[in-house]
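The values are calculated or read from the model by the stated rules, or taken from the named source; none is laboratory data. Keep in mind the model is a prediction, meaning the values are calculated, not measured. Cβ atoms come from the backbone with ideal geometry, glycine included; neighbour counts cover every protein chain shown.
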Amino acid sequence: MTATATHSSGVLSTYWLVGVDVGGTTVATVLLDESFHIHGELTVATDLSSPDATMLGIAAAIEQTLALGDGSRRLAAIGLGIPGQQDRERGIVRMAVNLHWYDYPLVERLVERFDVPCVIDNDVRVATLGVYRFDNPAGDQDLAYVSIGTGLAVGVVLEGKLLRGRHGLAGEFGHIIVDPNGPRCNCGTRGCLETLVSATAVVRRAQEAVAKGATGALPALAPITARGVYDAAAAGDPAAQQIVDEVGVELARSLRSVVLAYDVDAVVLGGGVTRAGDRYLQPIIAEWLRQQETSALARAVLHPEILRIANPTRNFGALGSAALAAELLTTT
């Protein structure tokens, strides 16, 4: 679907774009002008009382976001990043479990309300577009964005184009089976990558360590969080350090697969746990360097300088959604 932003006298030269990052806890929005300058951001709680209430809460957030502007522009398009699986062409959210949306006609409802083009896509995919557009100092045309939170997913840009796959599932590395005897995954199988390296996995590993009698900083964490585990490791706690090292080794091996699969120039890590910064990267880089000692292939492709952490102060889901909305304004 494509559209041109017009009013009664022709094509709009100035306009607003709204990008929306929809999560199970919060809805984050951003207001951009036609030059992609940010004019306002907003975060509100997600209303999960009913599927329609969730949609109405998003619509209200969009209206509040527009009010952050100066009134000199009209809304031209809306983009939304949604967890789960979407039918982009029809504007239907096929499945977003945490939002209780199943075959929900989100685009139709929002177009009825705002009378502008709307587009939806997977939240990690649009966050990848956000990183590509707004956090890409080298101008890399081939990059992978790895979102590490409750789960893990990878978004990929190749030759400047967002990779989606035939069914919109490209980059679902979090559900690659690493250990068939490993922890049970929410997808129903055992040992998926995200059960071993996600923020949820870090917490589970710490809880298991405490249950086995670990002393030091871990038992004192209330509650145990992934960030707390990394802070404990930085303070010298041996049990926490072991968890950080094990997660880093497993993630390093998986990131090797990402590099080999897509041959990208940059691998960007994002998600709350990555705010540990260099402490998060150190065990990953150490494993890559270890692999280089015995593997010519590793020396050829596993360059630590291609690894970096996304700017933790930016909501790339909302920014990428606004960039997605801008694509609707390209004429056919």
TODO: Can you give me the number of residues within the stretch 81-109 that are within 20 Å of F316 (Cα to Cα) and touching a Cys at 6+ places or on another chain (Cβ under 7 Å)?
DONE: 0
Task: Which listed residue, of A322, A300, is free of Cβ contacts under 8 Å to residues at least 24 places away in the same chain, in a helix (DSSP H, G or I) and not aromatic (F, W, Y) - done: A300
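Does G69 fit the bill of being over 24 Å from the mean Cα position of the chain (by Cα), modelled with pLDDT under 95 and at negative phi?
Numbers: over 24 Å from the mean Cα position of the chain (by Cα): yes; modelled with pLDDT under 95: yes; at negative phi: yes.
Answer is yes for this residue.
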Task: strands (runs of 3 or more DSSP E) fully within the stretch 74-139 counting 2 or more residues that are of a type in the set (A, V, I, L, M) and at pLDDT below 95 - done: 92-96
Open item on the list: Name the residue that is nearest to L143 (Cα to Cα), counting only residues in the stretch 262-305 that are modelled with pLDDT under 95 and of a type in the set (K, R).
Closed with: R275
Task: Residue that is surrounded by the fewest Cβ atoms within 10 Å (Cβ to Cβ), among those in the stretch 84-139 that are of a type in the set (F, W, Y) and closer than 30 Å to E305 by Cα - done: F134
Open item on the list: Being in contact with a helix residue (DSSP H, G or I) (Cβ under 8 Å, 6 or more places away or on another chain) and closer than 25 Å to G155 by Cα narrows it down to one residue among R253, R190; which is it?
Closed with: R253
- [ ] For T150, work out the one condition from (1) out of contact with any Ser or Thr (no Cβ under 7 Å at 6 or more places or on another chain); (2) in a loop (DSSP other than H, G, I, E, B); (3) assigned by TED's automatic domain parsing to the domain that holds A261; (4) not small (G, A, S) it doesn't fulfil.
- [x] (1)
